[in-house]
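Student: Okay, here's the structure, questions in a sec.
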Amino acid sequence: MTKPSSNPHIRAYTDRRMQETDAPQPPTPQRTPEQWRDLISERIEEAMREGKFDNLRGKGKPLNPAPEPYTRPEMQMANSLLKNNELTPAWIADRKVVLAAIEQFRQKVRNGADAHRVALAQSQLAEERVRIEQRWQKQLAAWREEVLILNRRIEVQNFKQPVSFLEIIKLRVEDEVNRARGEQEN
């Protein structure tokens, strides 16, 4: 047993606590789920009237109440910190750069294929068609070199990404030319 305190305030408090614990407590009323919802709603409405929700961070912005089910809790916290501070993980920024480079290459192929088609359509001499075809073959060779470099960037990016379903598919010049020609026909 502990020694009683000489401080009268502490002694009075201790005596009161002892009497409270010794006195029979009235039974706590059991509430139904509906009664709990009503009580909670009343408390929320009361707090709203008192203005307790007026200065909340993120007021006026939509909430995302659902946690990410396939993300570890510590990563959810890290992701929310990045998102709330409008920061992007490096692999996402790098991915956007690679995707932009792919789109730029595809636009170059579309333009080149279109120019080739127009040049062939406008040429009337066989010699001119041969020169156009030679330029086209040189352009295809240059694009193959460019695709090798771009595919290396894609490989590096795919290794950086933490999720496999975001893998970027490597390019093939023939597929890109066929895609560009298909878009021209539509």
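Student: Would you mention how many residues in region 36-78 are over 30 Å from V163 (Cβ atoms) and loosely packed, with under 10 Cβ neighbours inside 10 Å? Walk me through it before giving the result.
Tutor: As a first pass, look at region 36-78 and keep what is over 30 Å from V163 (Cβ atoms): 36-56, 59-60.
Okay, now just the ones that are also loosely packed, with under 10 Cβ neighbours inside 10 Å, so 49-51, 54-56, 59-60.
Summing the residues that are over 30 Å from V163 (Cβ atoms) and loosely packed, with under 10 Cβ neighbours inside 10 Å in region 36-78 gives 8.
Student: Still on this structure, please answer the following. Of the residues Q139, Q107, which is surrounded by 12 or more Cβ atoms within 10 Å (Cβ to Cβ), among the polar types (S, T, N, Q) and closer than 21 Å to A180 by Cα?
Tutor: Working: Q107 fails: surrounded by 12 or more Cβ atoms within 10 Å (Cβ to Cβ).
Going through Q139, Q107 in turn, just one is surrounded by 12 or more Cβ atoms within 10 Å (Cβ to Cβ), among the polar types (S, T, N, Q) and closer than 21 Å to A180 by Cα: Q139.
Student: Considering every residue within region 13-20, establish whether at least one is touching a Pro at 6+ places or on another chain (Cβ under 8 Å), modelled with pLDDT under 80 and assigned to a helix (DSSP H, G or I).
Tutor: Initially, region 13-20 is screened for residues touching a Pro at 6+ places or on another chain (Cβ under 8 Å), giving 14.
Filter again for modelled with pLDDT under 80, leaving 14.
From what is left, the residues that are assigned to a helix (DSSP H, G or I) are 14.
Checked region 13-20: at least one residue is touching a Pro at 6+ places or on another chain (Cβ under 8 Å), modelled with pLDDT under 80 and assigned to a helix (DSSP H, G or I).
Student: So E155 passes all but one of these: (1) under 30 Å from N79 (Cβ atoms); (2) among the acidic types (D, E); (3) surrounded by 14 or more Cβ atoms within 10 Å (Cβ to Cβ). Which condition number does it fail?
Tutor: (3)
Student: Further question: Any residue in region 32-60 that's without any contact (Cβ under 8 Å) to a residue 24 or more places away in the chain: show its pairings with residues that are in a helix (DSSP H, G or I) at Cβ separation under 7 Å, as long as the two are six or more apart or on different chains.
Tutor: F53/A47
Student: Still on this structure, please answer the following. Return the pair list, or none, for Cβ contacts closer than 6 Å from residues in region 171-184 that are of a type outside the set (A, V, I, L, M, F, W, C) to residues that are buried (at least 19 other Cβ atoms within 10 Å of the Cβ), at least 6 apart or on different chains.
Tutor: Cβ pairs passing all conditions: E176/V109; R181/A113.
The values are calculated or read from the model by the stated rules, or taken from the named source; none is laboratory data. This structure is a prediction, so every number in the text was calculated from the model and none was measured. All Cβ positions, even for glycine, are placed from backbone atoms using ideal geometry, and neighbour counts span all protein chains on display.
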